[in-house]
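I am attaching a structure below and will ask some questions about it afterwards.
Every read-out reported here was derived from the displayed coordinates using simple, explicitly stated rules and does not represent laboratory data. Just so it is clear, the structure is predicted and the values come from calculations on it, not from any experiment. FYI the Cβ positions are ideal-geometry reconstructions off the backbone, even for glycines, and counts take in every protein chain you see.
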Amino acid sequence: MVFIAFEGGDGAGKSTQVAALAAWLRERGQEVVVTREPGGTELGGRIRELLLHGGEVAPRAEALLFAADRAHHVATFVRPALERGAVVLTDRYVDSSVAYQGAGRDLQAAEIAGLSAWATGGLVPHLTALLDVAPETGRARRSCRVEDRMETEAEAFHARVRQGFLALAEAAPHRYLVLDAAQPPEVISAAVVARVGELLAGADPTLRTPASTSSSSTTAVAAPGPDPAESAAPTRDSAATSEHVAPSAPSSSGEVVGRSESRSGGA
Ligand SMILES: Nc1ncnc2c1ncn2[C@@H]1O[C@H](COP(=O)(O)OP(=O)(O)OP(=O)(O)O)[C@@H](O)[C@H]1O
Ligand SMILES: Cc1cn([C@H]2C[C@H](O)[C@@H](COP(=O)(O)O)O2)c(=O)[nH]c1=O
């Protein structure tokens, strides 16, 4: 039971990476559940329509609707899948609310985080892969389709959202993999697989990647800290601050994989 979230701006490549990781895990016999927010359930699908394809939504109502989608999603879909031992990959989770409704809108990030902590009973992903890309790159990638209500927001909004995501990763680097999403998809997925391989290695040795079995790498197996099986067990009603500490290598924590430019170098 491992819970992994993919986060990032619109068009960053989250769905592409979720699909690649799901395929990699399934090839290794793992039960994988792929889901998304908003809209991972039937009720959520209706909330998604209201949020993304309806008329104006006041910022606080928007925050509450995303939280309502999440509460139902976690209770009826995510937790049951985790409890039967699946790896759950979600395309967006709490960080999207903190970044879009907190940093993007004029709402308090801490209040938005608290709302989602309540909605989810404190369920925190073991790992969040943050696909970091400049808003203009994301916009160019989605130029071939009609934009939804959030996507049509101004460039400055999306720049704040990007910084909001990065601030979250900086605050808890041990449970983030920050990726330069301007890289080719296969380069990004190799980094994701390497990190997830480390995360899962303790629980299932057949899921080890070459990198995570190499004696020269800083592997999860060798890393000090909590027992991987224990740390991979999501808990109910833990406080938002009591995170599930993934058995990750300190050297890979929170760094932008593959980026040569500065992380704060403009949006
Ligand atoms: N690393 C990449 N480099 C270039 N193009 C990419 C990359 N990753 C994905 N794409 C392309 O960019 C587009 C958006 O990708 P994708 O749907 O995976 O992004 P997303 O983050 O899930 O988008 P959204 O937030 O809008 O749901 C697709 O056409 C996809 O093929
Ligand atoms: C979960 C969540 C999402 N959003 C925004 C982010 C995107 O603009 C859309 C979702 O579209 P996608 O194609 O599924 O990525 O909704 C948000 O503002 N707050 C959230 O909590």
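What is the set of long-range amide H partners of V2 at a cut-off below 5 Å, with H atoms built 1.01 Å from backbone N?
Those qualifying (amide H under 5 Å, at least 5 residues apart or on another chain) are V87, V88.
Now a separate question. Check which residues have an amide H placed less than 5 Å from G8's amide H, if you skip close sequence neighbours.
Counting only residues 5 or more places away or on other chains, the set is L131.
For the stretch 118-187 and the stretch 9-73, what is the separation of their C-alpha centers, rounded to whole Å?
13 Å
Using the Karplus equation 6.51 cos²θ - 1.76 cosθ + 1.60 (θ = phi - 60°), what ³J(HN,Hα) coupling, rounded to whole Hz, does each residue of the stretch 68-82 give in order, writing x for Gly and Pro?
5, 4, 5, 4, 5, 4, 5, 5, 9, 10, 5, 4, x, 5, 5
Hey, got a sec? Which GluC sites (Glu not before Pro) in the stretch 50-140 land in a DSSP loop and have at most 15 other Cβ atoms within 10 Å? Can you show the working numbers first?
On the way: sites: E56, E62, E83, E111, E136; in loops: E56.
Qualifying residues, ordered by number: E56.
Based on Cα coordinates alone, diagonalise the gyration tensor for the stretch 24-129, multiply each eigenvalue by 5, take square roots, and list the semi-axes in whole Å, largest first.
One finds semi-axes of 25, 15, 12 Å for the stretch 24-129.
Apply the Karplus parameterisation 6.51 cos²θ - 1.76 cosθ + 1.60, with θ equal to phi minus 60°, to every residue of the stretch 2-8 and state each ³J(HN,Hα) to the nearest whole Hz, in sequence, with x for glycine and proline.
In residue order, the calculated couplings are 9, 10, 10, 10, 10, 10, x Hz.
Also, I was wondering about something else. Between Q108 and S143, what FRET efficiency comes out of the Förster formula 1/(1 + (r/R0)^6) with R0 = 35 Å and r the beta carbon distance, rounded to 0.05? Mind showing how you got there, number by number?
Numbers: r = 33 Å, r/R0 = 0.95.
Efficiency computed from Cβ-Cβ geometry: 0.60.
Amide H of V124: which non-local residues (sequence gap of 5 or more, or other chain) have their own amide H closer than 5 Å, using H built in the peptide plane?
Placed amide hydrogens put T235, H244 under 5 Å from V124.
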